[in-house]
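Below: the structure, in structure tokens.
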Amino acid sequence: MGALIELKNIEKKYTAGDHDFYALRGVDLEIDSGQMVVILGPSGAGKSTLLNLLGGMDSPSSGSILFEGEDIARYNDDELTRFRAESVGVVFQFYNLIPTLTAYENVALMRDVKDDCDDPMHCLELVGLKDHAHQFPSQMSGGEQQRVSIARAIAKKPKLLLCDEPTGALDTDTGREVLRLLLDVCRNEGRTVVMVTHNASFAQIADTVIRVKNGRVVSTEINENPADADVINY
Amino acid sequence: MLLLKLFRDLSQNRIQFLSIFLMSFLGIYVFVGMDSEVTGLEACEESYYEETNLADLWATGREFSKEDVNAVKHINSVADAQRRIMTEGKAELDSDEYGDEPTMQMIFLEDEGISNLKISEGIPYRPGSSGVWIDEAFASRRRLRIGDQVTFKLENTKFTEKISGFFYHPEYVYYVENLAAMMPAYGRYGVAVFDISEYPLEDIEFNSMVLDAHGIDNKGVMTDEEKAAGRALASKIKNVLDDEEMVVFDKTELMSYSTFRSEMEQHHSMSFAFPIVFVLISLLGIVTTMSRLLARQRVQIGTMKALGFSTGRIILHYVSYGFFLSLTGSIAGALVGYHTLPAYIISMFTETYILPVMKTGFSSLAFLMIVMEVAVSSFIAWYASRRECALIPAEALRPASPKNVKATALEKSALWDKLSFSARWNLRDIMRNKVRSLMGTAGVIGCAMLMFSAFGCLDSLNFITGWMYGEINTAKTKITMEEGTPYGTTMDWAKKYSGQMIENEAITLKAGDIVKTGTLTVLDTGNFMHFEDADRHSISLDKKGVAMSYKMAEMLNVKEGDFFTWNLQGDKKKYKMRVGKIYRNPSSQGLTMYRKTYEDLDFRFQPTEILTNVTVPDSAKDRDEIADVQNTDEMMDSMDAMMEMMYTMAAILITAAIVLAVVVLYNLGVLSLIEKRREMATLKVLGLKTNTIRAILQEQNVWLTIFGVGSGYIAGFGILGVMFGDMPEAMDYCIVVEPKSYLLTFLGTLVLSMLVNQVLSREVKNIDMVEALKGIE
């Protein structure tokens, strides 16, 4: 399997007053297709910034991000929008569903951005929420909302599924269920899943573990025998 | 799906969005209502003038012979010319609610083709035919029927005619009984048309000629080219007939035409004034509501962007809110406005104007207004959403950084510490939420403005009646003499009733290039006519010299001491004089002088009326030399139709004011309560009582209301200026607002705004401290 994404010498700099602040500095990494990748690090380490760059939601100050050989760091707004629409699915810590749309409608919303989406009902069935299709987010539990969010992300059949602390707002059992779902997406559907978390125990289920600290990648480990979601502790 | 989101968002924020809808609705409702009334009536007017071929020029002031007419017909730009006799007589009808022996304007025709009669019933007029044709407005009020025999009286000669038909006459869309009348009272007087063969007197003297000119048509308003063509033709006619003193005028000098025109223009200006207020408020509503909605949906915007929606799609989504609301509001307003308002105005119009058909019409302007309203609303929605929507997804997904709040100069000043807690809290709240405060004030201004103009309108009309018949003319009764009554006879009547004799004559005035027609009033000794200067301070006129009415001086662009010339209509001799004093008169514009001055100019004093305070018995009316006896109450009655219209107008204005205030203030109140929820919960936790918090909210509301009412007075004067600005030339109305109207406006607005606030602030009691202070996400 070849590299789906390759980051070369990435820097992300913010300027506050006269001071420059580096969220990421000299980051190089490769993510292979079809892998479960966990990015680990404490708060403020630059994990979310890294995830934003991978998903084309932000652009680096310098360096290149090659996605299937194309440098998305050079993309303009329109190209980035198309990239997000075509290739990336996102699962947020707080689900970020549109509160005025039902579960089904939230998933069906993806048809507005991409033509060949999966059937929304099929996606909801995959996440086990077929019966809740016509409920509004406010009528669902956190775990259910997160599963709708996953259904929404996979409806686009993205090559890359990005998850920002997907279990951060959930209790242990629900969190485990969500993780299992994400693993299924990776293993059964062959999608590349990149998950950001501060919970070190997530390393056990990953194919690749990238540790980030103070804006730098401190290590990249390959896990030969990734475990099942059941082993995770919170 | 985004469309679905749009509708769900709309229904979740229905109060705010409903107010935007309502304001768009009201703005377009009033505009389309009035515009389609004006458009429709103008179209009816135009087709009426076209169909009847309203004359382009009128010539009077001499006798017109057959040769004269032929000579004029030979002028290149003359399409046709006809002469006729215009005179005044009486009809002997049974006494009814309109009185007996009505004055009839009599027209004896020689030909047809210019200013034709539009027959409503009976047979058409043809040259040589017998009988009489009577105007529809008079005939219907006096219940006349085709075939009735009516006896007329012209200069003591009686003659009886059978009614052949009823008609509408294009020169009589509007007409009043005499120069001093303020409002028409159709039924009291009428127009009768005969063929010249029926003329009862020995000497046939054609005193009027009507012309159809090339280069002047009856389409739309008279253009400058048409006016120039008219002037050129007038001087040609004078040349051809070798008569410099004759009077030739175009339709802008015709009372019927010009009064209807002014009325249309007045409605036209008003059709713009009101919608602008409502549309502005709807735009402010869009700004506040949209920016709040966007702030609340910031994360949703970030999510949509992260999911692959383009900035353009998202902006389009938010622009649709403004677009849909203004579109549906405007269309609903246009439909309702078109179907209700014009019919109502037209129903009141039939008392004043006589047109064969009055119907509504939809103009391209109304369509343009809707397009503009929708375009501006969409633009404002775009303006309010462009920043939030342009954020990159990573940034939109983060909570907004807190506002950069700096202490203002006031907060740094020593005065600040002396203010009470509630004053400081409210001042800060106003300064930090400028748009919301501005919009609240705008709502109050709009409400006060509408109320103020409603009250001001009634005050001004009441004032004018009192001014006219209480200050300027203090006589109880006016005796109008028959034309040609010998001086001695009039003098006897004046002596008998201790009256003041007055002569009114139609004159033409000229200063520089400006020529106007007006009335000359000549006063004999007596004390029934009083004068006031431009600022309505009492003045007395000089015994010598001539005084000019304020509006006439304005129209001629002259001041006291300036020279001008005047002549009696039909009289060759012109007089060059200086303007003496300038006085105001609401219903008659022209000149006033004393008898002595008049006689010094070699005129013979021929009084046309007598003013007196002594009660004149009704039997006086039966005397041949007396045309009419009217007391002030009767004259005031003729104002009733106008007053009735104004009351309705005032009721509409006040209703609009209430709707405006309630909608805007309620909407803003809801918004501000949502925003202040956490602050108020904090105040509650700190131990402030619910009522104390409500009082703080009310205090801010009262401040803004007081400020808004002040500005509302100014805006109200603006509206009154528009309402009273385009009055017919003969009328000089001034805007008067009584102190009680200021007070009523203030109290009305304050009570409304306090009530709305009181209802809203009940919510403070229900704020759950724990719930409100929980984390935001």
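The values are calculated or read from the model by the stated rules, or taken from the named source; none is laboratory data. Model, not experiment: these values are computed from the prediction. Glycine gets a Cβ as well: all are built from the backbone with ideal geometry, and neighbour counts include every protein chain shown. Each accessible area value is taken on the protein alone, full model and side chains, heavy atoms only, with ligands, DNA and RNA left out. Shrake-Rupley method; radii C 1.70, N 1.55, O 1.52, S 1.80 Å.
Inside segment A:70-91, residues that are under 18 Å from the mean Cα position of the chain (by Cα) and either open to solvent by 30 Å² or more (accessible area, probe 1.4 Å) or at the interface with another protein chain (Cβ under 7 Å from one of its Cβ atoms) (or both) make up a count of 6. Kindly provide the set of residues from segment A:103-121 that are more than 9 Å from chain B (Cβ to nearest Cβ), buried (at least 16 other Cβ atoms within 10 Å of the Cβ) and closer than 21 Å to A:Lys159 by Cβ, ordered by number. Listed by number, the residues that qualify are A:Val107, A:Cys117, A:Asp118, A:Pro120. Contact map, segment B:408-421: residues that are under 23 Å from B:Thr692 (Cβ atoms) paired with residues that are among the charged types (D, E, K, R), Cβ distance under 8 Å, separation 6+ or inter-chain. Pairs shown: B:Glu411/B:Arg428; B:Trp416/B:Arg424. Do we have B:Glu45 as surrounded by fewer than 21 Cβ atoms within 10 Å (Cβ to Cβ), under 30 Å from B:Met209 (Cα atoms) and not β-branched (Val, Ile, Thr) here? No; evaluated as a whole, the condition is false for this residue.
Taking the criterion of being open to solvent by less than 50 Å² (accessible area, probe 1.4 Å) and over 28 Å from B:Phe260 (Cβ atoms), the residues of segment B:196-239 that qualify are B:Ile196, B:Glu198, B:Tyr199, B:Pro200, B:Leu201, B:Lys238.
The set of residues in segment A:1-20 being charged (D, E, K, R) and over 22 Å from A:Asp71 (Cα atoms) consists of A:Asp18, A:Asp20.
Return the residues of segment B:278-297 that are open to solvent by 30 Å² or more (accessible area, probe 1.4 Å) and more than 14 Å from every other protein chain (Cβ to nearest Cβ); say none if nothing qualifies.
Looking only at segment B:278-297, we keep the residues that are open to solvent by 30 Å² or more (accessible area, probe 1.4 Å), and these are B:280, B:284, B:287, B:291-292, B:295-296.
If the condition is that a residue be open to solvent by 30 Å² or more (accessible area, probe 1.4 Å) and more than 14 Å from every other protein chain (Cβ to nearest Cβ), then B:Leu280, B:Leu284, B:Val287, B:Ser291, B:Arg292, B:Ala295 are the ones that fit.
If you filter segment B:72-96 down to residues that are in contact with a strand residue (DSSP E or B) (Cβ under 9 Å, 6 or more places away or on another chain), modelled with pLDDT of 90 or more and not in a strand (DSSP E or B), you find that the one that is surrounded by the fewest Cβ atoms within 10 Å (Cβ to Cβ) is B:Lys73.
Rundown of residues vs (1) without any contact (Cβ under 8 Å) to a residue 24 or more places away in the chain; (2) among the basic types (Lys, Arg); (3) outside any strand (DSSP E or B), yes/no style:
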position	(1), (2), (3)
B:Ser164	no, no, no
B:Val173	no, no, yes
B:Glu177	no, no, yes
B:Met183	no, no, yes
B:Val193	no, no, no
B:Glu202	yes, no, yes
B:Phe206	no, no, yes
B:Val210	no, no, no
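Count of segment A:25-69 residues, restricted to those that are within 14 Å of chain B (Cβ to nearest Cβ) and without any contact (Cβ under 8 Å) to a residue 24 or more places away in the chain, is 3.
When you check B:Lys158 against the structure, is it under 28 Å from B:Gln630 (Cβ atoms), surrounded by fewer than 20 Cβ atoms within 10 Å (Cβ to Cβ) and under 40 Å from the mean Cα position of the chain (by Cα), yes or no? Here the answer is no, as B:Lys158 does not meet what is asked. Across segment B:298-336, which residue is nearest to the other protein chains (Cβ to nearest Cβ) among those that are touching a residue at least 24 places away in the same chain (Cβ under 8 Å) and of a type in the set (S, T, N, Q)? Going through the qualifying residues, I end up with B:Thr303. Contact map, segment A:195-210: first residue free of Cβ contacts under 8 Å to residues at least 40 places away in the same chain and under 15 Å from A:Arg180 (Cβ atoms), second residue open to solvent by less than 20 Å² (accessible area, probe 1.4 Å) and of a type in the set (Val, Ile, Thr), Cβ cut-off under 6 Å, separation 6 or more or different chains; pairs are A:Ser201/A:Ile232. Among the residues examined, A:Gln146 qualifies as part of a helix (DSSP H, G or I), in contact with a helix residue (DSSP H, G or I) (Cβ under 9 Å, 6 or more places away or on another chain), over 19 Å from A:Leu50 (Cα atoms) and touching a residue at least 40 places away in the same chain (Cβ under 8 Å). On the stretch given as segment B:317-355, residues that are buried (at least 16 other Cβ atoms within 10 Å of the Cβ) and of a type in the set (S, T, N, Q) total 4. Restricting attention to segment B:600-620, the residues that are of a type in the set (Val, Ile, Thr), within 9 Å of B:Gly499 (Cβ to Cβ) and open to solvent by 40 Å² or more (accessible area, probe 1.4 Å) total 1. Filtering segment B:4-54 to residues that are within 14 Å of another protein chain (Cβ to nearest Cβ), more than 22 Å from B:Leu284 (Cα to Cα) and in contact (Cβ under 8 Å) with a residue 60 or more places away in the chain leaves only B:Lys5.
When the criteria are applied in full, A:Ala169 fails the requirement of being open to solvent by less than 10 Å² (accessible area, probe 1.4 Å) and in contact (Cβ under 8 Å) with a residue 12 or more places away in the chain. Could you say whether any residue in segment B:245-256 is in contact with a Pro (Cβ under 9 Å, 6 or more places away or on another chain), in a helix (DSSP H, G or I), more than 14 Å from chain A (Cβ to nearest Cβ) and open to solvent by less than 10 Å² (accessible area, probe 1.4 Å)? So far as segment B:245-256 goes, yes, one or more of its residues are in contact with a Pro (Cβ under 9 Å, 6 or more places away or on another chain), in a helix (DSSP H, G or I), more than 14 Å from chain A (Cβ to nearest Cβ) and open to solvent by less than 10 Å² (accessible area, probe 1.4 Å). Listed by position, the strands (runs of 3 or more DSSP E) inside segment B:457-533 whose residues that are among the polar types (S, T, N, Q) and surrounded by fewer than 18 Cβ atoms within 10 Å (Cβ to Cβ) number at least 3 form an empty set. The strands (runs of 3 or more DSSP E) located wholly in segment B:563-628 that include 2 or more residues which are touching a residue at least 40 places away in the same chain (Cβ under 8 Å) and closer than 27 Å to B:Pro102 by Cα occupy B:609-612. Against the test of being in contact with a Ser or Thr (Cβ under 9 Å, 6 or more places away or on another chain) and open to solvent by 20 Å² or more (accessible area, probe 1.4 Å), the options B:Leu415, B:Leu397 yield a single qualifying residue, B:Leu397. Being closer than 17 Å to A:Asn52 by Cβ and not hydrophobic (A, V, I, L, M, F, W, C) is the filter; apply it to segment A:9-40 and report the residue that is surrounded by the fewest Cβ atoms within 10 Å (Cβ to Cβ). Residue satisfying both the conditions and the ranking: A:Tyr14. Does B:Val722 count as surrounded by fewer than 19 Cβ atoms within 10 Å (Cβ to Cβ), under 30 Å from B:Tyr257 (Cβ atoms), away from chain A (no Cβ under 14 Å) and at pLDDT below 80? For B:Val722, the condition - surrounded by fewer than 19 Cβ atoms within 10 Å (Cβ to Cβ), under 30 Å from B:Tyr257 (Cβ atoms), away from chain A (no Cβ under 14 Å) and at pLDDT below 80 - is met.
Taken over segment A:92-102, residues that are touching an Asp or Glu at 6+ places or on another chain (Cβ under 8 Å) and more than 8 Å from chain B (Cβ to nearest Cβ) amount to 1. Selection of segment B:142-199 for residues being farther than 28 Å from B:Met468 by Cα and among the aromatic types (Phe, Trp, Tyr) yields B:Phe152, B:Phe159, B:Phe166, B:Phe167, B:Tyr168, B:Phe194, B:Tyr199. Pairs are defined by a Cβ separation below 6 Å, a sequence spacing of at least 6 or placement on different chains, a first member in segment B:459-477 that is touching a residue at least 24 places away in the same chain (Cβ under 8 Å), and a second member that is among the charged types (D, E, K, R); the pairs so defined are B:Asp459/B:Glu738.
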